[in-house]
Amino acid sequence: MNGGLNIFKLVAEASLPVQLVMLLLLVFSFLSWVIILRKYSQMKAAMENAEAFEERFWSGGDLAGLFREVSGRNADNGGMETIFESGFREFARQRQRKTYDVRIVMEGTERAMRVAGTREIGLLERNLEFLANVGSISPYVGLFGTVWGIMGAFQGLGEVKDVTIAVVAPHISEALIATAMGLFAAIPAVWAYNRYANKVERVASRYEVFQEEFSSVLQRQIQTDEVA
């Protein structure tokens, strides 16, 4: 349509530095959305798996049987299942000794669960730093393109006697597009980082509560076995 805004034409006619800025911002945006979509699936799976496992854990079944079930499909484990498996494995290993101290058994078990929990949270946090960096850097990268475009506009003004909007319009347009692309890359990344960082904290709190509860269950089991 005549007189319409043709973004692709403006980008194609932009100066090389501004085009490089736009390309960099486009790459940032693409990678951010890949991470955003993957993190959505990962966070959803983590919450659903935690709920499903807690329901099985508190169903009153035998812990040894649950451990055999979980360890039997080790390749598919993750999240709370991994924490449970690591803790129960260390608990059983410590109790196989002829003589053992309850305090040492529980310390080893809790340490194993903390290590597994930290590893699982690390997997959830992976690539969140990239989103934070994109959110903080992209506006400045776009600003560089904006400044370059404005510099081109002023240079164009200095080279002509009759100043018209047609002289500066291309440079101003490329400057504004660079600004817009910087925001386009930054806003989703910032939103996603804040949202997923909050979800990671919630999952981490849930894991910590489970570790405390599981430790209490194992400690009661030791005390019951000693009395028997």
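Below, the figures for the structure above:
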item: For segment 7-227, alpha-carbon Rg over 2.2 N^0.38 Å; result: 1.63
item: Contour minus Cα-Cα distance for Asn133 and Ser71 (0.36 nm per residue); result: 18.5 nm
item: Förster-model FRET efficiency, 30 Å R0, Leu183 and Ser205, C-beta, rounded to 0.05; result: 0.35
item: Whole-Å distance, taken between Cα centres, linking segment 85-122 and segment 30-81; result: 20
item: Kirkwood Rh in Å, taken over segment 40-96 so that all alpha-carbon pairs contribute; result: 12.0
item: Where a label projected 7 Å from the Cα of Leu20 along Cα→Cβ would reach, residues of segment 125-147 with amide N under 16 Å; result: 141-147
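Just so you know, all these numbers are worked out from the coordinates, no wet-lab data involved. Given the structure is predicted, the values throughout are model-derived calculations rather than measurements. Cβ atoms come from the backbone with ideal geometry, glycine included; neighbour counts cover every protein chain shown.
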